[in-house]
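Written below as structure tokens is the structure these notes are about.
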Amino acid sequence: LTKIRQSLVESAAQLKVCVEKMTEDSRQSVTQLRAEVSTYQARLEESERLALRDCLTGLDNRRKVEQEIHSRIQQGRAFTVMLLDLNKFKPINDQLGHAAGDAVLKQFSTELKTIFRNTDIVGRWGGDEFLVVLDCGLSQAQAQVGRIREWVFGEYSVQAGETSRKVRVEAAIGVAPWKQGEAMEDLLKRVDEAMYKDKRR
């Protein structure tokens, strides 16, 4: 009986050690799994962020801008869109090279971004076109047009081969406020027409 009792005590002690080791191993595994999940989550968020960015200018890309417009329409929020198309951009690429053209786009993007509030959406629409979503009415948006002409337009310095060149940068600007019940496609068509009207002028 004594030997059986002693054997049971030893077995119980060994079992306790085993259980404690399994518990510790499980705790470490859970901690490791949590760390890995956290890493994957951070990578996923970074990938999603990059997927909505224009890789050249760092502005929001067309997909992100369309998402923001759609969201405002769904919520019935008042907003205005502004479309900018650089004037005479092709000659910069043709005469000074695409690197100089890219430099102009990056500088213009930086200057344009500084004019607007953090809540406004400033995006590259494609090529040398930019689209801004402003949480305001038409009159405030038109006031911003004046600021752009004064502070964003002007001479930019770009590197063309071994030399630095000055280029004049301006854009045609169209502005259109969203009308209640209007589809995104119709709004974008109106702002596009407004921009081309300004370009012809």
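Only residues that are of a type in the set (D, E) and farther than 12 Å from L84 by Cα were counted in region 124-178, giving 4. Condition first: in a loop (DSSP other than H, G, I, E, B) and within 16 Å of G174 (Cα to Cα). Can you find one or more residues in region 138-157 that meet it? Looking for residues that are in a loop (DSSP other than H, G, I, E, B) and within 16 Å of G174 (Cα to Cα), one finds at least one in region 138-157, hence yes.
Mind checking which residues of region 108-122 are without any contact (Cβ under 8 Å) to a residue 60 or more places away in the chain, open to solvent by less than 80 Å² (accessible area, probe 1.4 Å), touching a strand residue (DSSP E or B) at 6+ places or on another chain (Cβ under 8 Å) and of a type outside the set (G, A, S)? Scanning region 108-122 gives L112, F116, D120.
Cβ separations smaller than 9 Å between residues 6+ apart or across chains give the following pairs from region 131-157 residues that are farther than 21 Å from R62 by Cα and without any contact (Cβ under 8 Å) to a residue 24 or more places away in the chain to residues that are open to solvent by 10 Å² or more (accessible area, probe 1.4 Å) and among the hydroxyl-bearing types (S, T, Y): S157/S164. The number of residues in region 151-185 that are acidic (D, E) and open to solvent by less than 80 Å² (accessible area, probe 1.4 Å) comes to 2. Looking across region 119-144, the residues that are of a type in the set (V, I, T) and either at pLDDT below 95 or in contact with a Gly (Cβ under 9 Å, 6 or more places away or on another chain) (or both) come down to T119, V132, V133. Can you find a residue that is in contact with a Leu (Cβ under 6 Å, 6 or more places away or on another chain) and within 26 Å of R200 (Cα to Cα) anywhere in region 68-80? Yes, there is a match, as at least one residue in region 68-80 is in contact with a Leu (Cβ under 6 Å, 6 or more places away or on another chain) and within 26 Å of R200 (Cα to Cα).
Identify the residue in region 48-94 that is among the acidic types (D, E) and surrounded by 15 or more Cβ atoms within 10 Å (Cβ to Cβ) and, among all such residues, is nearest to Y196 (Cα to Cα). If you could, list the steps in order and put the result at the bottom.
Initial filter on region 48-94 (among the acidic types (D, E)): 48, 54, 60, 66, 68, 85, 94.
Subset that is surrounded by 15 or more Cβ atoms within 10 Å (Cβ to Cβ): 54, 60, 66, 68, 85.
On the way: D54: 24, D60: 23, E66: 20, E68: 24, D85: 9 Å.
Residue satisfying both the conditions and the ranking: D85.
Residue under question is F130, and the condition is that it be part of a helix (DSSP H, G or I), crowded, with 18+ Cβ neighbours inside 10 Å and within 21 Å of the chain's Cα centre (by Cα); does it hold? No: the conditions fail for F130.
Which of the residues belonging to region 133-144 are open to solvent by 20 Å² or more (accessible area, probe 1.4 Å) and either within 15 Å of Q107 (Cα to Cα) or not polar (S, T, N, Q) (or both)? D135, G137, L138, A143, listed by residue number.
Considering each of D135, D94 in turn, give the residue that is within 26 Å of E66 (Cα to Cα) and of a type in the set (D, E).
Details: D94 fails: within 26 Å of E66 (Cα to Cα).
Every option except D135 fails the conditions.
The numbered conditions (1) polar (S, T, N, Q); (2) over 15 Å from the mean Cα position of the chain (by Cα); (3) under 28 Å from T163 (Cα atoms) are all true for T57 except (2).
The values are calculated or read from the model by the stated rules, or taken from the named source; none is laboratory data. The structure displayed is predicted, hence computed values, not measured ones. When we count neighbours, we look across all protein chains shown, and the Cβ atoms used for this are built from the backbone with ideal geometry, even at glycine. The area values use the complete protein model at the heavy-atom level, side chains included, leaving out ligands, DNA and RNA. Shrake-Rupley method; radii C 1.70, N 1.55, O 1.52, S 1.80 Å.
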